[in-house]
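Novice: Take this structure, written in structure tokens, and hold onto it; I'll ask about it next.
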Amino acid sequence: MVLVAVLGAVGLVALGRGGGDDGSHGGGVAGPPAPQVGGVTWTSGANANPPQDLAAWEHWLGRRTDIAVVFTVRDTWRKIVADDWPLSGLRPNAYAGKVSIAQPLFPKDGDEAACARGDYDANWATFGRTLVRNGRGDAYVRLGWEFNGNWFWWYPRDTATWRTCFQRTVTAIRSTSPDVRIDWNISAHRDSMPNGDNIWAAYPGDAFVDVVSVDAYDSYPPSFTRATFDAQCTMASGACTVARFAAEHGKKFAVPEWGVVRSAGGGADNPFYVQKMYELFQANRANLAYEAYFTATDAGNVQSSLVDPPSNPRAAQRYRALFGPSSSSSPGAGGVR
């Protein structure tokens, strides 16, 4: 699930600024102190599915969020496309920020071939109506997110068929929700898909994508040094590569999920990673659609929590210093009412 160098028009991260190894991985020689003056001038938020409490996150952070990232229940078509939950709790009169919703291309008993034939078009037209009914016709929709991993069932078996499936799904959603913003999303640290093809072979074409995004976590391996972060960022599936591709194709760049990782393979309480991601966002802010920290406490997940409980206190302190109320121009004026 995871994530500088020169990357053309965007993706230029000021690596020397607060970018040394800060010794957070235990016993290293401390580098220059990280800057404590932060603030965001882009759309910034967090995940919002229960039990994550967005209001509690905002209270801890000291400012409102600009975007809420949510996930549907994905075991039946009804829950995927027709249920108002979780959008009903994030209608514009309840939450003034933007919404990003993660959607599978089909439930577990579906497949990409049926999708490519158009068997699911009516379902996706229903989903477009669900977006509009809840006042979120302009939502970001992450179709088939993290398709280059093997942990979800919608990864491509035949890449060309998968692309056609994606294209048909987009067309069907747009038929009833023309303002929707389609987010084509990959997982960092996975240059190849399970079928062996390079991830970029699955790009469905500019006509079917509004945002190109990456989910970037501090793991496999964790980033304790600038060299490690840079190497990961410039991989085929790295955040810097995604930012460059988005700019070259006239698309917005996003990081819908990112965070430290206490579970296996992660860097645990690593404020250095928070610092480097902040610098990445700063460098790409002109083309950044949004970014959202993924805070999770459950044992089967990344255990990235910064609050309630504060499982990663040093990372939490750095996050609040950089992303907190010191911002003078946070764009979204979000917040749970």
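The values are calculated or read from the model by the stated rules, or taken from the named source; none is laboratory data. None of these values were measured; they are calculated from a predicted model. Here the Cβ is made from the backbone with ideal geometry for all residues, glycine too, and neighbour counts use every protein chain on show.
Novice: Just to be sure I understand, how many residues within the range 53-70 are part of a helix (DSSP H, G or I) and touching a strand residue (DSSP E or B) at 6+ places or on another chain (Cβ under 8 Å)?
Specialist: We begin by selecting, within the range 53-70, every residue part of a helix (DSSP H, G or I); these are 54-61.
Within this subset, residues satisfying the condition of being touching a strand residue (DSSP E or B) at 6+ places or on another chain (Cβ under 8 Å) are 54-55, 57-58.
Residues in the range 53-70 being part of a helix (DSSP H, G or I) and touching a strand residue (DSSP E or B) at 6+ places or on another chain (Cβ under 8 Å): 4 in total.
Novice: Out of curiosity, is residue 283 closer than 20 Å to residue 146 by Cα and modelled with pLDDT of 95 or more? Please lay out each step first, then the result.
Specialist: Values: closer than 20 Å to residue 146 by Cα: no; modelled with pLDDT of 95 or more: yes.
No.
Novice: Based on this model, can you work out whether residue 41 counts as under 25 Å from residue 276 (Cα atoms), at pLDDT 90 or above and of a type in the set (Ser, Thr, Tyr)? Reasoning before the result, please.
Specialist: Values: under 25 Å from residue 276 (Cα atoms): yes; at pLDDT 90 or above: yes; of a type in the set (Ser, Thr, Tyr): yes.
Judged against the criteria, residue 41 is a match.
Novice: Return the residue satisfying two criteria in turn: it lies in the range 211-240 and is of a type in the set (Ser, Thr, Tyr) and under 15 Å from the mean Cα position of the chain (by Cα), and of such residues it is surrounded by the fewest Cβ atoms within 10 Å (Cβ to Cβ).
Specialist: Of the range 211-240, the ones of a type in the set (Ser, Thr, Tyr) are 213, 217, 219-220, 223, 225, 228, 234, 237.
If we keep only those that are under 15 Å from the mean Cα position of the chain (by Cα) as well, we get 213, 217, 237.
Details: 213: 28, 217: 25, 237: 23.
Selected residue: 237.
Novice: Also, quick follow-up: Which of the residues that make up the range 217-236 are of a type in the set (A, V, I, L, M) and assigned to a loop (DSSP other than H, G, I, E, B)? Spell out the reasoning first.
Specialist: Just the residues of the range 217-236 that are of a type in the set (A, V, I, L, M), to begin with: 227, 231, 235-236.
Result: 235, 236.
Novice: Output the number of the condition that residue 73 fails; it satisfies all remaining conditions of (1) at pLDDT 80 or above; (2) in contact with a helix residue (DSSP H, G or I) (Cβ under 6 Å, 6 or more places away or on another chain); (3) part of a loop (DSSP other than H, G, I, E, B); (4) under 20 Å from residue 276 (Cα atoms).
Specialist: (4)
Novice: Got a sec? Which of 166, 208 is crowded, with 23+ Cβ neighbours inside 10 Å, in contact with a helix residue (DSSP H, G or I) (Cβ under 8 Å, 6 or more places away or on another chain) and under 27 Å from residue 136 (Cβ atoms)? Before you say what the answer is, go through the steps one by one.
Specialist: Values: 208 fails: crowded, with 23+ Cβ neighbours inside 10 Å.
Every option except 166 fails the conditions.
Novice: Taking only pairs six or more apart or across chains, which ones have beta-carbon atoms under 8 Å, a first residue in the range 164-190 that is under 18 Å from residue 148 (Cβ atoms), and a second residue that is β-branched (Val, Ile, Thr) and assigned to a helix (DSSP H, G or I)?
Specialist: Between residues of the range 164-190 that are under 18 Å from residue 148 (Cβ atoms) and residues that are β-branched (Val, Ile, Thr) and assigned to a helix (DSSP H, G or I), the close pairs are 182/170; 182/173; 186/199; 186/242; 190/199.
Novice: Determine, yes or no, whether residue 336 is modelled with pLDDT of 95 or more and among the β-branched types (Val, Ile, Thr).
Specialist: no
Novice: Report yes if some residue within the range 22-32 is surrounded by 15 or more Cβ atoms within 10 Å (Cβ to Cβ) and modelled with pLDDT of 50 or more; otherwise report no.
Specialist: Let us first name the residues in the range 22-32 that are surrounded by 15 or more Cβ atoms within 10 Å (Cβ to Cβ), namely 22, 24-25, 31.
Next, only the ones that are modelled with pLDDT of 50 or more stay: none.
The answer is no, given that none of the residues of the range 22-32 is surrounded by 15 or more Cβ atoms within 10 Å (Cβ to Cβ) and modelled with pLDDT of 50 or more.
Novice: Another question, then. Looking at the range 181-195, is at least one residue within 16 Å of residue 82 (Cα to Cα) and either within 17 Å of the chain's Cα centre (by Cα) or hydrophobic (A, V, I, L, M, F, W, C) (or both)? Spell out the reasoning first.
Specialist: Within the range 181-195, the first condition is being within 16 Å of residue 82 (Cα to Cα), and the residues that meet it are none.
Scanning the range 181-195, I find no residue that is within 16 Å of residue 82 (Cα to Cα) and either within 17 Å of the chain's Cα centre (by Cα) or hydrophobic (A, V, I, L, M, F, W, C) (or both), so the answer is no.
Novice: Is it the case that the range 114-130 has a residue that's out of contact with any Gly (no Cβ under 9 Å at 6 or more places or on another chain), within 26 Å of residue 214 (Cα to Cα) and among the hydroxyl-bearing types (Ser, Thr, Tyr)?
Specialist: yes
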